[in-house]
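The values are calculated or read from the model by the stated rules, or taken from the named source; none is laboratory data. Everything numeric here is computed off the predicted structure, so don't read it as measured data. Here Cβ is always computed from backbone atoms with ideal geometry, including for glycine, and neighbour counts include all displayed protein chains.
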Amino acid sequence: MDILKEVYSYICSFDIDYISWVLWVVYPILISFLLPVFILLFIFLSSFMLFIYKQRMKLRAAYVHDFWEGARKTLSAFWIAQARIWHGYEIEGLENIPVSGPALIIYYHGTLPVDMYYVVSSLILEKDRQVHLVGDKFLFHIPGWQTLMEVCKVTTGTVSSCVEVLRNGHILSIAPGGVREALFGDETYSLMWNQRSGFCKVALQANVPIIPMFTVNIREAFRTPGWARDWLRGFYEKTRLPLVPIYGFFPVKLKTVFGEPIRPDPNSTPEELAAVVRTGIRSLIKHHQRCPGSILHALLDRFPFFRSKCRLSEAAS
């Protein structure tokens, strides 16, 4: 009887130890998939804050030219604080953004474009300029985001509407890779533009400079699993539903780099101009991004010593 009790006790303890071991292994994986939810919560919180602000300012709306300005600057400070604390966020080449007048920003689309939120916030706070954004249609169908889309000047981006925005003297940003590049790109940072050149039609018609933009380590902040990219690519192409799991929100170093403005040649075709812009983005990636990207190295980039050491080793190789 004592032997049976000992065996039973051993089995129970084994089960408990085994479950503890499984949880120890699984917890980090679960957490990496749950962390992106915080960015979504952050966005919903932004939308909620704007909604409350709208109600509070209703009575003053008739007396103030743009009653959203205070809300935008408050939100911008909110996002920049998060960016600098969590990512040590920096911007290089901000002088390439004009103080006034239109410009078209073309950028590489990370898994979640948090860098664009940071850029918009930085330009509002540092240059007092509002960036208009081109977003995918599905964004406008997310419950609770309507006010956010309106205040942040997000549009679905037809050629005519984009040209109008630029002719009105605003800055417009477009990611030619769109959702496809966001969800199915990987740590090699290859551009997934296919034959898209609509943004060049916009630039040529509006006759505005194109400013290439890339954010270092943006693919290491958030990622999609390789198996999901392989299995769900066909489903996305057929349905256009972005149902790909995202993991991350790692506190990696992020730095946005603006390249030299590209002046469109009025005699060039949209396809020729697209090739020039593509080369400009690839040049930024080549000179600033470690390829393939590494989450560990991106984390170490938070420390200047490791960052400079890595750059020296890359230059030597």
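Some points to look at:
The rows are residues; the columns are (1) under 19 Å from residue 40 (Cα atoms); (2) out of contact with any Phe, Trp or Tyr (no Cβ under 7 Å at 6 or more places or on another chain); (3) not basic (Lys, Arg).
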{"residue": "91", "(1), (2), (3)": "no, yes, yes"}
{"residue": "124", "(1), (2), (3)": "no, yes, yes"}
{"residue": "134", "(1), (2), (3)": "yes, yes, yes"}
{"residue": "137", "(1), (2), (3)": "yes, yes, no"}
{"residue": "149", "(1), (2), (3)": "yes, no, yes"}
{"residue": "155", "(1), (2), (3)": "no, yes, yes"}
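- Subset tally (residues that are farther than 14 Å from residue 117 by Cβ and in a helix (DSSP H, G or I)) for the stretch 75-98: 4
- Looking only at residues of the stretch 144-161 that are out of contact with any strand residue (DSSP E or B) (no Cβ under 6 Å at 6 or more places or on another chain) and farther than 20 Å from residue 75 by Cα, we find that the one that is surrounded by the fewest Cβ atoms within 10 Å (Cβ to Cβ) is 160.
- Every condition in (1) of a type in the set (Gly, Ala, Ser); (2) surrounded by fewer than 23 Cβ atoms within 10 Å (Cβ to Cβ); (3) in contact with a strand residue (DSSP E or B) (Cβ under 6 Å, 6 or more places away or on another chain); (4) over 27 Å from residue 30 (Cβ atoms) is met by residue 175 except one, and the failing one is (2).
- The single condition from (1) β-branched (Val, Ile, Thr); (2) surrounded by 21 or more Cβ atoms within 10 Å (Cβ to Cβ); (3) touching a helix residue (DSSP H, G or I) at 6+ places or on another chain (Cβ under 7 Å) that residue 105 fails is (3).
- Single condition residue 230 does not satisfy, out of (1) more than 28 Å from residue 90 (Cα to Cα); (2) surrounded by fewer than 18 Cβ atoms within 10 Å (Cβ to Cβ); (3) modelled with pLDDT of 95 or more; (4) not polar (S, T, N, Q): (3)
- Pairs linking a residue in the stretch 90-108 that is farther than 13 Å from residue 208 by Cβ to a residue that is of a type in the set (S, T, N, Q), with Cβ atoms under 6 Å and 6 or more positions apart or on different chains, are 91/122; 91/256.
- When the helices (runs of 4 or more DSSP H) confined to the stretch 200-317 are screened for residues that are in contact (Cβ under 8 Å) with a residue 24 or more places away in the chain and within 25 Å of residue 184 (Cβ to Cβ), those reaching at least 2 such residues are found at 218-221, 226-239, 270-288, 295-300.
- Filter pass, residue 169 being crowded, with 20+ Cβ neighbours inside 10 Å, farther than 26 Å from residue 45 by Cα and not hydrophobic (A, V, I, L, M, F, W, C): no
- Subset tally (residues that are of a type in the set (Ser, Thr, Tyr), over 25 Å from residue 246 (Cα atoms) and either out of contact with any Pro (no Cβ under 8 Å at 6 or more places or on another chain) or free of Cβ contacts under 8 Å to residues at least 24 places away in the same chain (or both)) for the stretch 152-199: 3
- Taken together, the criteria exclude residue 94 from residues that are at pLDDT below 95, aliphatic (A, V, I, L, M) and either closer than 12 Å to residue 256 by Cα or surrounded by 15 or more Cβ atoms within 10 Å (Cβ to Cβ) (or both).
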